[in-house]
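Let me begin by presenting the structure, written as structure tokens, before commenting on it.
Only the coordinates and a few stated rules stand behind these numbers; no lab work does. Everything numeric in this text was worked out from a predicted model, so none of it was measured. With ideal geometry, Cβ positions are generated from the backbone for all residues, glycine too; neighbour counts draw on all protein chains shown.
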Amino acid sequence: MFVKMYQYYIHPEKTEQFWAVQKKAHSLYTKYVQYRVHFLHDEKNPSRWLEIQYYPNQESYEKGQRLVNEDQEIKELWKAFQSVLDPRYQIIQEEQFSSVELDGNGEMEMG
């Protein structure tokens with residue numbers, strides 16, 4: 001499994017707009033790529049969010065990204081996303097990982 005993780009800061013008063021953007025983005029992404037997404041909200045810093053996206057493999061992620069980036073709607077969604085960022089932090093961190101899990105016998109399974 002291929003995993004992308006993003007950390008960003010959303011202005012606390014713009015959370016509803018953030019979710020509206022995420023809903024539209026999710027709808028767009030699922031047209032082009034198979035993936036799951038989880039969001040984690042920092043309880044100590046209400047602006048801080050982690051977004052974790054799971055893909056079957058890196059190739060499907062890259063193919064999906066190419067297709068998504070060709071869709072004109074994604075540019076509009078990117079602008080809308082930028083408008084909800086907390087201006088105190090204006091930073092988006094992006095990382096990628098391969099998944100490692102333990103099976104029922106405690107053996108490692110590389111994803």
Check your understanding: Out of 55, 32, 89, any idea which swings most in a Gaussian network model of the chain, alpha carbons joined below 10 Å?
Key -> 89
Check your understanding: Given a Förster radius of 30 Å and the C-beta distance between residue 27 and residue 99 as r, what FRET efficiency does 1/(1 + (r/R0)^6) yield to the nearest 0.05?
Key -> 0.75
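Quick one: if you take sqrt(5λ) for each eigenvalue of the C-alpha gyration tensor of the chain, what semi-axes come out, biggest first, whole angstrom?
The three semi-axes for the chain are 26, 20, 11 Å.
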**Study point:** In region 1-90, GluC sites (Glu not before Pro) in a DSSP loop with at most 15 other beta-carbon atoms within 10 Å
**Key:** 43
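Please work out the FRET efficiency for the pair residue 80 and residue 59, using the Cβ-Cβ distance as r and a Förster radius of 22 Å; give the result to the nearest 0.05.
With a Förster radius of 22 Å, E is 0.15.
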Study note, to complete from the structure: Within the set 22, 93, 34, GNM on the chain using Cα springs under 10 Å gives the largest fluctuation to 93
Review point. Can you give the charge dipole size of the chain about its Cα centre, rounded to the nearest 20 debye, using +1 on the beta carbon of Lys and Arg and -1 on the beta carbon of Asp and Glu?
Key: 500 debye
Check your understanding: How large is ³J(HN,Hα) for each residue in region 80-86, as worked out from phi by the Karplus curve 6.51 cos²θ - 1.76 cosθ + 1.60 (θ = phi - 60°), to whole Hz, x for Gly and Pro?
Key -> 5, 5, 4, 6, 9, 5, 6
Revision key, fill the gap. So the FRET efficiency between residue 48 and residue 69, C-beta based with R0 = 41 Å and rounded to 0.05, is 0.95
Check your understanding: Taking the Cα atoms only, what angle lies between the long axis of helix 58-70 and the longest principal axis of the chain, rounded to 10 degrees?
Key -> 30 degrees
Check your understanding: For the chain, what relative contact order do you get, as a whole percent, if you take Cα pairs closer than 8 Å and at least 6 residues apart?
Key -> 44 percent
Exercise for review: Just tell me which lysines come within less than 23 Å, Cα to Cα, of residue 63; anything on the same chain fewer than 8 places away is out.
Suggested key: 4, 23, 24, 31, 75, 79
Check your understanding: What number, in nm² with one decimal, is the all-direction average of the projected area of the convex hull of the alpha-carbon atoms of region 29-87?
Key -> 4.8 nm²
